[in-house]
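Notes to accompany the following structure.
Coordinate-derived values only; no laboratory data. Quantities reported herein were computed from a predicted structural model and do not represent experimental measurements. Using ideal geometry, Cβ is built from the backbone for each residue, glycine included, and neighbour counts are taken over all protein chains shown.
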Amino acid sequence: MSVTNAIICFMNLKELENRAILLFGKSRAFSMDEFESQLKFHKIEITSEFNEDVALVVDAKMMTPYEQNISEALYNKHSQSVEFVSIDALERELAKYIDANTLLMSLKLSRNKERLKSFLQNSMIDDALFFKLLKMYSWGGEDFFENDDNRDVSAAIILRFYQNIERNHNVQYATTGFMHLVSQTKNMELLYAILSLEPIRLNPNIQVAIARNVHCDDEMQELLFKTNDLNVLEALSQNRNLKPALIEEFLKDEKLGRNVAKNIKLTDELFELFKTNRIGLALNESLTLEMQKELLSYGDEEISYALALNNGIDGEILHLLLESKNEEIKSALYENKKTPTSILEEAYRNNQYCQEIAKNENTPVEILYQLQLDSRYARSVMENPAFGRYIQQENIGWEV
């Protein structure tokens, strides 16, 4: 049977008034009670048998083999005169016609927590209504996953907004799910919603993850700054899109100021501002070639070492630093993934800097395979992200 999964377009709910639907199985997004309530509001009946009043046949979840057989037979016989749809299509249509104000008032007056939770778990309602409902939920002074109700609502938040949730099974049942979610999202309304949730005070690590998100707007950065939480401030100082007013504040602290110098997306003006923190600047991957040349011109080995560690180092600067007699600088360069493959290959042939080459993501995989055979370098190779990716692609494993 070919039951459409598209949104109902052949008729609106108004045209189903005083008619009946034949439902096989159970509702999916709505609880059965809520599903029946929504249909009743639209003056649509549910029947368990096919008759002349049936305008729609719906295949839902948990259909028995018996129901599947009946649905199949009805489709073969009546598909020209009666529409057949999936439960998803019908529930999506029902969700479109929910009167948000009426629902919110009803939930407020009834204080029906189960009904509120049911709507929060309903994937068919739009995000605007979801956020309004989320504000109504009481966490009871407990953490996100401390009781069954809170766990269900937390899972609903993560399931709704987590990217590629199908690749991360059960991520919705752990606090780390929230941390990954706030790290990956560009949705400011979502970030504000999570930041305002009662359990957030019990989860500073989630606030830290929000503070690192480059999409945080100025207002949210101010809110996070005012927490005065050292871990949150540390994370905020590493945000490359930090607002100018906060840059001035962080410059008053040596450690946080260095974080900003290292991570902020540089302009000529900011480069000048941070010249008092040249080592932090030298680690900043947004340095232009001219900025790198200026830093190198100071002839300071600590600055040069920081440049050698910088994965944004320009090839011209890299070659100049390779002439250094400072072994720490050269060692950093051979581990830097911007170092050209030809230079790494030459070092390998000369049996030099092999430990650094084993860690370098730019090292050819053929060399990494050879280094893996040497117990001195095997662990470095296995921890090399590039080698790990290659192994996964080739579906080859190794023993640690």
Quiz item: For the chain, modelled as a GNM with alpha-carbon contacts under 10 angstrom, which of GLY388, GLY177, GLY312 fluctuates the most?
Solution: GLY388
Self-check item: Which labelled figure in (1) 119; (2) 185; (3) 214 is volume of the Cα convex hull per residue in Å³, once derived from the coordinates
Solution: (3)
Quiz item: Can you list the HN-Hα couplings for the stretch 313-321, worked out from phi with the Karplus curve (6.51, -1.76, 1.60; θ = phi - 60°), rounded to whole Hz and with x for Gly and Pro?
Solution: 4, 6, x, 5, 5, 4, 5, 5, 6
Quiz prompt | Calculated P(r) tail over 19 Å for the stretch 266-339, as whole % of Cα pairs | solution = 23 percent
Practice problem: Specify which residue in the list SER37, ILE70, ALA89 is farthest towards the positive end of the charge dipole of the stretch 13-96, using unit charges on the beta carbon of Lys, Arg (+1) and Asp, Glu (-1), about the Cα centre. | Solution: ALA89
Quiz item: What FRET efficiency do you get for SER183 and GLU15 if R0 is 45 Å and r is their Cβ-Cβ distance, rounded to the nearest 0.05?
Solution: 0.50
Practice problem: List the lysines whose Cα lies under 23 Å from the Cα of LYS252, skipping any in the same chain that are fewer than 8 positions away. | Solution: LYS226, LYS243, LYS262, LYS265, LYS275
Quiz prompt | Zone residues, the stretch 51-69, relative to GLU36, backbone N less than 18 Å from point 7 Å out along Cα-to-Cβ | solution = 58, 60-63
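Residue separation times 0.36 nm, minus the C-alpha to C-alpha distance between LYS226 and GLU301: what's the value?
23.2 nm is the gain from fully extending LYS226 to GLU301.
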Practice problem: Multiply the residue gap between LYS43 and SER110 by 0.36 nm, knock off their C-alpha separation, and tell me the result in nm, one decimal place. | Solution: 21.8 nm
Practice problem: Please check which bits of the stretch 366-386 a label hung off GLN393 would reach, taking the label as a point 7 Å along Cα-to-C-beta and the cut-off as backbone N under 16 Å. | Solution: 366-369, 384-386
Quiz item: Which net charge results when you count Lys and Arg as +1 and Asp and Glu as -1 among the other residues whose beta-carbon is under 13 Å from that of HIS180?
Solution: +2
Quiz item: With a ≥ b ≥ c the root eigenvalues of the C-alpha gyration tensor of the stretch 13-96, is it rounded (a/c under 1.5), prolate (a/b larger than b/c) or oblate?
Solution: oblate
Quiz item: Given that compact globular proteins tend to follow 2.2 N^0.38 Å, what is the ratio of the alpha-carbon Rg of the stretch 341-400 to that value?
Solution: 1.03
Quiz item: Rounded to the nearest 500 deg cm²/dmol, what is the calculated helix-only ellipticity per residue at 222 nm for the chain, with -39500 (n - 2.57) per DSSP H run of length n ≥ 4?
Solution: -15000 deg cm²/dmol
Quiz item: Under the Karplus relation 6.51 cos²θ - 1.76 cosθ + 1.60, θ = phi - 60°, what is the ordered set of whole-Hz ³J(HN,Hα) values for the stretch 151-161, x standing for Gly and Pro?
Solution: 5, 5, 5, 4, 4, 5, 4, 5, 4, 5, 10
Practice problem: Excluding LEU129 itself, calculate the net charge of residues whose Cβ lies under 12 Å from the Cβ of LEU129, where each Lys or Arg counts +1 and each Asp or Glu counts -1. | Solution: +1
